[in-house]
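Worksheet: the structure to be examined is printed underneath.
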């Protein structure tokens, strides 16, 4: 999912200064409040070489009372530390009540450097991820606030920065052979990072990815995140009762949030003449593959989600046009009925999961939990926050069994949506497709966007990745889905 | 830990009848209440063949309203079910709100039969345990009450029962070849069961081991457990605020709880003349081994816990008498000081953990959390309940790193303790060893016993097992500790 993140965002110097002064004062006040309330705080920074960790950590500590925090730089373990289990050196550095421990690199080294450089076996990687989750849960249960940043820059940006450092006689020493080696291994580190983010993101210790091309943007995002997390915790500590049901501290401003959708180029199109031939060829191929997966007993799960009027129905019809109906099923998902409501929210999806060799296509899905149910308040905040983990667990269980899990987000921009809504209203045989609810949802587009971005980020995993489908051009969208399905099935069959 | 459980317990017919009628009425009332409050309930039974699952399930359902529960018998998966991931057939059978689902065998087949019979690889076993934990946590978070029973009988009892069934022409058919095969594999199943109990015991879905030699005892224990869990949940549902800090529903009566300590034969002794020679030989051997583990870089953790005046100090001195002081350390653990109190309760133990090749002996330990802190109210119930898992995680982290973790419970009976307290009071140079607190603790012996039994059960794991040391005879206790330490180190070195 990292490769989809919009890294172009920046903040103007004037805006930065105006905001930063206020943030400094708020952060300093929060530090004092956390000390009074005896809340231990852990802030850790991971990220690419040359992403600016040092500078950004410095930004963060300047407004703080120096008696209240400690910065720990995490190098490879020394001889003494290698004689202990890997968490030992971090456990003993956990901050006491009311203090802030800032980690420049951290226990995640094992999932990044050790995994890629030392070629740690898969079992050791999984064990380390498990131990880290336990560690963080223990700290959180013990009252600590855990704030985890990953500073993200692209490979080309990293290249540019390393070259700049090397060009200057005064900074050349800072670029080591290892840095250059890791730069060449960007792709391997990217994979390790994606796994790390997926395996160790939790409600008690969530990751924040920081777009670090622009230092001012990154700095504001870090400040806002730390402030939001501290405010939330202090609020919960001071008046745990009274805040129930009330509006919570707002979190970080929307314009600082990770954006995946903003970077999607919805303008891509596919000319009609090319489309026809491609479509025919792909539909033929997908039917062949349907038989193959039946023989090989591979179950396939395909999830369609997307904006209203993004074209889910038409897309599904193109995918299934040529399929053997005995091998697939389309499950339309609406609001749960009374029987479904009496069960766990995932129960109705479990009952519909394909058996080995079959395909189930979900037209909307369990992701309703973290979109419509979140926004309409049909479930509590604790429930939808927990759902990211629960959904990942369910998809992982399917994938472990051998299933291929596809998830498509059909993306159109607001102008295109409006055009389609209007067209539906004016076309008699399409009128049924547009309801008052669609217009109401459209008014909540900003809330939906926040929820969708978070969903795409927290539930895109190596075993069940999201594919974003640019859908302003329906022809392009249909071909992209077919291509994606065919490609991954073919790779599995090989 | 199962092999230490006292299986001799029984209930007289008269007592049984008197209690059972009351329990039937209470259970039926609770079923109605759970239905009103829309609480889904899952009760599952695992256990040895011929342990009496069928009979005991029947006992349980007789007082229930038959419209409100379903019994699911779990056989090996059929052809249809094998085409799905293993949790699928259980997910779709989870009870709706207000209903009771009773499982005669369950999803734990995979950790028992599949592991032993199908020789499932370790990775698949761990993955299944992880998936089961996720499944149970999801159900619990969704509002379900999960009650898990393991019906325990000894191998000889199983043999007797199988023989009896086979001797009767009418019941012979019930004993299959597979039953007899599993009987011969009792030891393997015991190991799988111990792992299962350790890996899937949680605060949201705890295991209850039922001593099933006596049907009446087992039946009462099952009824009391189900009633206690339902009452607790109903109480939490109805008045989640008001019960804070108040006394909770009492749980099951003490006399039905698993007892490990009652089965300990504290009368074993070791004659003085034998003792001297053994002690010398073992102390010499343990010093040799200290050097070996240093060379092999194996860390060793030794925990001493036990009743006041059980002889921890003297025992530790005998263990360390001949050791090279550069290779070991004794850490006496008292109440935490101010700095320690400002940290996570495990922090001070992490700082003391041995490095590779060294031995650390803890004279009392992190187990204070689930004994004195639990009983004196120094931590909340949520905190000590969580501590079982946290402690297991810490010990597993050490064990994964290669550490040998020993835990000794020094056990004396109340009469012996009284004798020692009195003797201390009357011996001038020992007077300092006895304080008012010791007498106060002694008055709370019943509460301590409950806490200790639960601790021994929930934290005895294959990577860090408890050893119960009969300590009425100090000579015997000292030799047993030395023997245990030497034996496990030697096995590791081989």
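Readers should treat all values here as calculations from the given coordinates under stated rules, not as data from a laboratory. Not measured: the values here are computed from a predicted model. Here Cβ is always computed from backbone atoms with ideal geometry, including for glycine, and neighbour counts include all displayed protein chains.
What FRET efficiency would be calculated for the residue pair residue B:167, residue A:18, taking the C-beta separation as r and a Förster radius of 60 Å, to the nearest 0.05? Before the final figure, lay out each step's value.
Values: r = 91 Å, r/R0 = 1.52.
About 0.10, to the nearest 0.05.
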Semi-axes a, b, c in Å (a largest) for the protein assembly as shown, each sqrt of 5 times a Cα gyration tensor eigenvalue, come to 51, 39, 27
Expressed in angstrom and ordered largest first, the alpha-carbon extents of the stretch A:341-494 along the principal axes are 47, 38, 26
Taking the alpha-carbon centre of each part, the distance from the stretch B:251-276 to the stretch A:352-419 in Å is 55
Once both label points are put 7 Å beyond Cα along the C-beta direction, the residue B:339-residue A:235 separation in nm becomes 3.7
Sorting from shortest, the nanometre distances separating the label point of residue A:251 (7 Å past Cα along the line to Cβ) from those of the same residue in the other copies are 3.9
Scoring the stretch A:1-124 by relative contact order with C-alpha pairs under 8 Å, at least six apart, yields a percentage of 34
Final fewest-first order of B:458, B:161 on the 10 Å Cβ neighbour count is B:161, B:458
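Evaluate E = 1/(1 + (r/R0)^6) for residue A:426 and residue A:269, where r is the Cβ-Cβ distance and R0 equals 30 Å; express this FRET efficiency to the nearest 0.05. Intermediate values should be presented prior to the final figure.
On the way: r = 23 Å, r/R0 = 0.78.
It comes out at approximately 0.80.
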In nm, the gap between the two label points placed 7 Å beyond Cα toward Cβ at residue B:291 and residue B:324 is 0.7
Ranked from fewest to most other Cβ atoms within 10 Å of their own Cβ, A:273, A:383 fall in the order A:273, A:383
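Of all the Cα-Cα pairs you can form in chain B, what percent are over 28 Å apart? Write down the numbers at each step before the final one.
Numbers: 71974 of 121771 pairs.
Above the 28 Å cut-off, chain B has 59 percent of its Cα pairs.
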Distances in nm between the label point of residue B:178 (7 Å along Cα→Cβ) and its equivalents in the other copies, shortest first, are 5.5
Counting only DSSP beta bridges fully inside the stretch A:2-259, the antiparallel percentage to nearest 5 is 0
Mean separation of Cα contacts under 8 Å (at least 6 apart) over the residue count of chain B, i.e. the relative contact order in percent, is 18
If labels are modelled 7 Å from Cα along the Cβ direction, residue B:8 lies from its partners in the other copies at nm distances, smallest first, of 8.1
Here the whole-number average of other chain Cβ atoms within 10 Å per Cβ of B:351-363 is 2
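Suppose R0 equals 41 Å. What FRET efficiency, 1/(1 + (r/R0)^6) with r the Cβ-Cβ distance, do residue A:118 and residue A:375 give to the nearest 0.05? Show your work: numbers first, answer last.
Working: r = 44 Å, r/R0 = 1.08.
Result of the calculation: an efficiency of 0.40.
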Rg/Rh of the stretch A:2-259 (Cα atoms, Kirkwood Rh), to two decimals, equals 0.96
The relative contact order of the stretch A:2-259, taking Cα pairs under 8 Å that sit 6 or more residues apart, comes to a percentage of 30
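Just subtract the alpha-carbon distance of residue B:28 and residue B:6 from 0.36 nm times their residue separation and send over the number in nm, one decimal.
The residue B:28-residue B:6 span can extend by a further 4.9 nm.
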For peptide A:341-350, the mean count of other chain Cβ atoms within 10 Å per residue Cβ is 6
